[in-house]
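Visitor: Let me begin by handing over the structure; questions about it come next.
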Amino acid sequence: MTGRLIAFEGADASGKSTQARRLGERLGLPVTFQFGATDIGGAIRSIVLDPTNELLDDRAEALLIIADKAQHVAEIVGPALAIGDTIISDRFTASTIAYQGFGRGLDLDLLASMMDFATHGLEPDLTVLLDVDLDVARARLGDQFDRIEGAGAQFHQRVRDGYLTLADADPGRWVVVDAAGTVDEVGARVDAAVDAWFDRHR
């Protein structure tokens, strides 16, 4: 079977990392993440998320995150797909459109063009969006925020709305899962949605 890329997306504290790992274990698939899965990406992540970097410009933030995507595809995702493996990624290109586009207000088309360059046009075959109410996500985070988590309620509402807009625009490659509830409850919804997608795309 041709290798496929499954991406998990969602707001901070939506549970996407947990559910990506859970699905990987169930299906016996490797799981990676953005941003920071490579050594170079890890250095980028430390810059972007450090709350003391208050002067980091929104455009510089976007360029750093897109650079991580280029390295992630070059080192991890691209080689896996090239040998026919299916791989799961905790975040991929949609997160930049949601966070830096809808959230920060940067040009959506320009961001998409830069990511196309960075990833050689690679897009997930399936994106699982874990959608959760902002108040639930905030409660899960507690009171310790990194630089992006602490960007404010209006920013994160724009991010959530952006994700839903992206999902609505491409229903063939996106599934939206209610991320409220326990890990097992959400996991059951993820399993059902992913299995149904695979049944339609065998």
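Visitor: Under 5 Å between amide hydrogens, which residues at least 5 positions from Arg4 or on another chain qualify, with H placed 1.01 Å from N in the peptide plane?
Guide: Here the answer is Thr86, Ile87, since their amide H atoms fall under 5 Å of that of Arg4.
Visitor: While we're looking at this one, here's another question. What number does the chain give for Rg over Rh if you use C-alpha atoms and the Kirkwood radius?
Guide: On the way: Rg = 16.0 Å, Rh = 17.1 Å.
Rg divided by Rh gives 0.94.
Visitor: If you don't mind, another one. Arrange the peptides 49-60, 98-109 so that the one whose residues have, on average, the most other Cβ atoms within 10 Å appears first.
Guide: Values: 49-60: 11.2, 98-109: 19.2.
Taking the mean over residues of other Cβ atoms within 10 Å, the ranking is 98-109, 49-60.
Visitor: For Asp90, enumerate residues with amide H under 5 Å from its amide H, sequence gap 5+ or separate chain, H modeled in the peptide plane.
Guide: So Asp90 has HN proximity to Phe8, Thr32, Phe33, Gln34.
Visitor: Sort 2-15, 165-178 by the packing proxy (mean of other Cβ within 10 Å over each peptide's residues), most packed first. Don't jump to the answer; show the numbers that get you there.
Guide: Working: 2-15: 22.5, 165-178: 15.4.
Most protected by this proxy first, the peptides run 2-15, 165-178.
Visitor: Charges at C-beta only: +1 for Lys and Arg, -1 for Asp and Glu. How large is the resulting dipole of the chain about its Cα centre, in Debye rounded to 20?
Guide: Working: 19 positive and 33 negative charges, 69 e Å.
Around 340 debye, computed over the chain.
FYI, it's all coordinate maths here, none of it is from the lab. What you see is a predicted model, and the numbers here were worked out from it, not measured in a lab. With ideal geometry, Cβ positions are generated from the backbone for all residues, glycine too; neighbour counts draw on all protein chains shown.
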